[in-house]
Amino acid sequence: MVLETGKRLAARGHQVDCVCIRADRAIVGTDSGITFHEIGGPLSSQIPFWLRFRSGCVRVADAVSRILDTSTGETVLFPQVFPANWWGSYIVENLPNLPCVWYCQEPSAFIHSASWINALPWPKNWIAKALNPKLRQSDLQACRKFKRVLVNSQYSKEYTRLVYGYSEEACRVVYLGFDPTRFRALKDEQREDSIICVAKLTRFKNVDRVIDAIRLLRDGGDGETKLHIVGTGDALPSLKLQTARLGLEQRVLFHGRLNDSDLVRLLQRSKGLCLASVDEPFGLVAIEAMACGTPVIAVDSGGPAEVVGTTAAGILVERPHPESIAKAMRILLGNNSEFETRSSAALARAADFDWERTVDRLQAEFMGVITCNLDQRVNCCRD
């Protein structure tokens, strides 16, 4: 989201600055048009980050002040995922006249989602539960300072409003998009009988249910279908053990973390993407798969249900049961005409999600908060 929207805003003539802990040039590139301001220090996944959190906020605020000193026009603060939202809250408190829009991908799962916390391995789940009351209080206090909030789906909007109490007007949907220069279908691409999962490998993602679905296909006489699993995470060792126990080593292939070109190639060659988690906020990988002409199997909940909708671009299952997932796989794998129909529908649906359209919406929202600020109508963003 930062890179895709930032480089497009820069191409439209805006000055775009990104304050972050560090900017890996292998990821961010060198020609995005974005100026990166690295504050350094440990990552937020490390304990020292939290021991020095206050000083980190000060370093972020200093970086923002330097940006304001060099900017030639109106500036909008645009914090996004945790802990950037807490940094943004700190800056809003100290620079109340700075227009701000928070993009909430979702209320932080490790704070507000009991199912996500319970899916963590021991002892992380117990640590998260012990810290939860304090973290929840701090998050509510921080995020309620934002007057304008953008979210990635209608599902996320309702969830975000439920958690933080935002008004209908203050919380608005701006969908994510995909890059058509990278994610695209290839003409006459020879697809293999395979399904792909792309996820951070935690219990919450239910990848074990997808592996069980592959077992059901094998036991039902399908000896060819492969499952490509892309990603890393705490659940990886148990998923590999499950695969060995079921005798699926030749059918379930673990790829770890892939670069973009290799991931796109797998999406283009597979006959379906399976997203088995429940209540995902959006599911960007579903859009990217559909842009490659790859239909989506997803649970009928959260953002993925909204993305697939009532179209033939995918198959929604009521619950992440292996039997339901296996049944959906058979539809995509067993009939070439069925796959072609759904592949065409996937391409059509993906076209509804475009980064340029996202940037159009962002510009409109930024101008709205700038106007609010200039007119000094403090309550204009509230009901």
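The values are calculated or read from the model by the stated rules, or taken from the named source; none is laboratory data. A quick note: this is a predicted structure, and the numbers were derived from the prediction, not measured. As a convention, Cβ positions derive from the backbone with ideal geometry for all residues, glycine included, and neighbour counts pool all protein chains shown. All accessible areas refer to the heavy atoms of the entire protein, side chains included, with ligands and DNA or RNA removed. Shrake-Rupley method; radii C 1.70, N 1.55, O 1.52, S 1.80 Å.
Here are some notes:
- Residue, most open to solvent (accessible area, probe 1.4 Å), within segment 226-242, restricted to residues that are over 21 Å from L333 (Cα atoms) and either outside any loop (DSSP other than H, G, I, E, B) or without any contact (Cβ under 8 Å) to a residue 12 or more places away in the chain (or both): L241
- One residue from G247, G293 being open to solvent by 10 Å² or more (accessible area, probe 1.4 Å), assigned to a loop (DSSP other than H, G, I, E, B) and small (G, A, S): G247
- Only a single item in (1) surrounded by fewer than 22 Cβ atoms within 10 Å (Cβ to Cβ); (2) farther than 24 Å from L216 by Cα is not met by G302, and it is number (1).
- Qualifying positions in segment 24-39 - surrounded by fewer than 17 Cβ atoms within 10 Å (Cβ to Cβ) and either farther than 21 Å from F82 by Cβ or modelled with pLDDT under 95 (or both): D24, R25, A26, I27, G29, T30, D31, G33, T35
- For segment 306-321, a tally of residues being in contact (Cβ under 8 Å) with a residue 60 or more places away in the chain and open to solvent by 20 Å² or more (accessible area, probe 1.4 Å) returns 2.
- Among the residues of segment 101-150, those that are under 19 Å from V2 (Cα atoms) and among the aliphatic types (A, V, I, L, M) comprise V101, V149, L150.
- Listed by position, the strands (runs of 3 or more DSSP E) enclosed by segment 124-225 that each have at least 1 residues that are among the aliphatic types (A, V, I, L, M) and surrounded by fewer than 17 Cβ atoms within 10 Å (Cβ to Cβ) are 171-173.
- Looking at segment 39-110, the helices (runs of 4 or more DSSP H) lying wholly inside it that each contain 3 or more residues that are in contact with a helix residue (DSSP H, G or I) (Cβ under 8 Å, 6 or more places away or on another chain) and under 30 Å from Y159 (Cα atoms) sit at 53-70, 84-94.
- Across segment 2-19, the number of residues qualifying as in contact (Cβ under 8 Å) with a residue 24 or more places away in the chain and open to solvent by less than 40 Å² (accessible area, probe 1.4 Å) comes to 7.
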